[in-house]
Amino acid sequence: MLKKSVILLSVITVFVSCVEEDYTIDNYPNPKRGGFRECGLLSAGLVCDPYETLSQSERYRINNQLINFVSQTEKKDSTDFCTKKGTDAMFVIMNSATQGFADGLRRHWSNIDSQCGRFGILVLSLDDRRIYASFDERSPIKMTPLQAIIATEEPNIQTGSYTSAVTNILKEAAASMVPQNVPTTKAPQTTTKSSTIQLSAASVLMLSILRYFN
């Protein structure tokens, strides 16, 4: 009986230790600042998957989409540096996350773009299979449209198709920034030139008639 109690106590201790040792905002590995190996990457990148939820190819598929996201969110016709600059984004995975965790981690890593605030983060919470997003208020990515985009990927998230969900979210978020073509009304052509020609012809005809009678 005593032996069973010791074993049970050991199991509980290990379980509690694992829970206590889960990542926090302060110690979550930054794949761009030296924590890439713990994040499951071969070099500095934009994805952190410390639990190896995804395959390496899936991590790099998302990483490549995050790299493309920067150029896709540039406003190339602007002369202002911060307005022209694309938005940096990162994707991380947690066992159990909240919106507060996403906001806190984004602020903790805000030095990635402290000058312009073009930075955001997507956090996958494994326990409840939800993706929490947090972008700096100076970013052109606005939360209300982004939340709507995330909602459309709910089926992929709930079935564990995380790579498809994240890449689709990034593509749609970037596309939402592209201005839609506004149909323009074609200006009516003026008839000034033709009217002038007609007036000149009438003048010549009148002059000819006057000369005839004179």
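The values are calculated or read from the model by the stated rules, or taken from the named source; none is laboratory data. Keep in mind the model is a prediction, meaning the values are calculated, not measured. Note that we place each Cβ from the backbone using ideal geometry, even for glycine, and neighbour counts take in every protein chain shown. SASA here: full protein model, heavy atoms, side chains in, ligands and nucleic acids out. Shrake-Rupley method; radii C 1.70, N 1.55, O 1.52, S 1.80 Å.
Can you tell me which residues in the stretch 58-85 are within 20 Å of residue 45 (Cα to Cα), basic (Lys, Arg) and open to solvent by 80 Å² or more (accessible area, probe 1.4 Å)? Once the filter is applied, which keeps residues that are within 20 Å of residue 45 (Cα to Cα), basic (Lys, Arg) and open to solvent by 80 Å² or more (accessible area, probe 1.4 Å), the stretch 58-85 yields only 61. For the stretch 91-103, name all the residues that are open to solvent by 40 Å² or more (accessible area, probe 1.4 Å) and touching a residue at least 60 places away in the same chain (Cβ under 8 Å). Once the filter is applied, which keeps residues that are open to solvent by 40 Å² or more (accessible area, probe 1.4 Å) and touching a residue at least 60 places away in the same chain (Cβ under 8 Å), the stretch 91-103 yields 95, 96. Against the numbered list (1) at pLDDT below 95; (2) under 22 Å from the mean Cα position of the chain (by Cα), residue 8 comes up short only at (2). For the stretch 27-57, a residue qualifies if it is open to solvent by less than 20 Å² (accessible area, probe 1.4 Å), aliphatic (A, V, I, L, M) and part of a loop (DSSP other than H, G, I, E, B), and the qualifying residues are 41, 54. Across the stretch 104-140, the qualifying residues are those that are open to solvent by less than 10 Å² (accessible area, probe 1.4 Å) and farther than 21 Å from residue 94 by Cβ, and the one among them that is modelled with the highest pLDDT is 116.
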